[in-house]
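Okay, so here's the structure we're looking at.
The values are calculated or read from the model by the stated rules, or taken from the named source; none is laboratory data. Since this is a predicted model, take the numbers as computed values, not measurements. Cβ: placed from backbone, ideal geometry, glycine included. Neighbour counts: every protein chain shown. The area values use the complete protein model at the heavy-atom level, side chains included, leaving out ligands, DNA and RNA. Shrake-Rupley method; radii C 1.70, N 1.55, O 1.52, S 1.80 Å.
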Amino acid sequence: MKFIGGSSGRTDPKRHLWMFGLLAPACALLPSQLVLRTGAPVFWWIGPVIVLIVIPVLDWVVGEDGTNPRDEDYESLSNDRYYRWCTYLFLPIQLTGLGIAAAMWTGTELAVVDKLGLAVTLGFVSGIGINAAHELGHRVEHLERWLAKIALAQSVYGHFFIEHNRGHHARVATPQDPASARLGESLWEFLPRSVIGGFRSAVRLERRRLMRKKLRWWSIDNHILQAWSISVLLFGALIAVFGIAVLPWLLLQAVIAVGLLETVNYVEHYGLLRAKRPNGRWARCSPRDSWNSDRLVTNIFLFHLQRHSDHHANPGRRYQTLRSTMQAPQLPAGYPTMIVLAAIPPLWRSVMDPRVLAHYDGDITLANVQPRRRTGDAEPEAKRTSASLGKRLWGRSPAH
């Protein structure tokens, strides 16, 4: 891993590449023009085509990033407002695309299948918009925290602002975290657990915060109600302009956005479990507790989300300062490829279960195991499972 920076002035060799992250919201602007100029209706589906096909191919062709910022450049990178504008500009492009899509959904020019493709594309844009909200929501600046809530309005997932910062970061890689997938848990089992568990946790956390401030739930200071109100205003404005017929399409793209976000959650911490201190409490989150992938193309597309270990170990770091570390377990491909694998549980488990086991040197009792896969006494069962898995994967016990 190379450390880039210093007197040459190249504190970030990727500096001018970050604007390519705005291709994600631009996916909502492109379909109509591409279809008009080419006559190919496949471009209504440009969102999933780019995310699930084009980017995985580019990840494979371009390869890994291979560079880290130097510690001495941290302050200059953090304070450079250019990087903030790369995330700020995401919002107007995203919302402009939503307005264009609403007009098309309620028009008569498109076939239903084309409208469906446009809805899926908008859902992917909205899901990636949650990642922009994720970056903005970690900041202490008042403006950026409000921009995070606006970015979450399209997906109607405003409570993520609360649960991710105050819930997920506190409980990540433990059985108590609904957004940390367990070894042996399929994506389709994980999704309802994470969505419902995250919602309940956000409500509890915000209620407690308001109680500490001696405020009621129906307070203007309620962050969840603030975020939901923005969604109501956004959807209400679109319905007022385009009619109630736009509502099913808005809800469909929101569901797709949430599904995409939660699938990424599934990938990020699958099977990983934090160590415990002698007093029984969970140890501080370390780089070993998140799956990383340092593929350059997806790093740019998702604002370094794949350097997830450093993000959890140092949540105050802005995306441009995040580092890749050898301590972090590595995914075999970028997030877009892993999303495809996650949708096929047998394929996912054949790829990832051996990696979880190898990460813990063959001791499956150190992993975050799906509870229903434990019978009787958990530790002996887990050891039997470890030996069985090792024999199935390598033809021998992992302890040998």
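Summary of computed values
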| item | result |
| --- | --- |
| Which listed residue, of R166, R209, R216, is open to solvent by 60 Å² or more (accessible area, probe 1.4 Å) and farther than 23 Å from A283 by Cα | R216 |
| Qualifying residue in segment 117-135 (condition: under 25 Å from R207 (Cα atoms), open to solvent by 10 Å² or more (accessible area, probe 1.4 Å) and outside any helix (DSSP H, G or I)) | no |
| Residue, farthest from W146 (Cα to Cα), within segment 178-206, restricted to residues that are in a loop (DSSP other than H, G, I, E, B) and touching a residue at least 60 places away in the same chain (Cβ under 8 Å) | G184 |
| Residue satisfying all of: in segment 226-251; surrounded by 18 or more Cβ atoms within 10 Å (Cβ to Cβ) and farther than 15 Å from I150 by Cβ; farthest from the chain's Cα centre (by Cα) among these | F242 |
| Residue among R323, R277 that is at pLDDT below 95 and out of contact with any strand residue (DSSP E or B) (no Cβ under 6 Å at 6 or more places or on another chain) | R277 |
| Unmet requirement for G197, which otherwise passes all of (1) open to solvent by less than 10 Å² (accessible area, probe 1.4 Å); (2) under 17 Å from the mean Cα position of the chain (by Cα); (3) on the phi < 0 side of the Ramachandran plot; (4) small (G, A, S) | (1) |
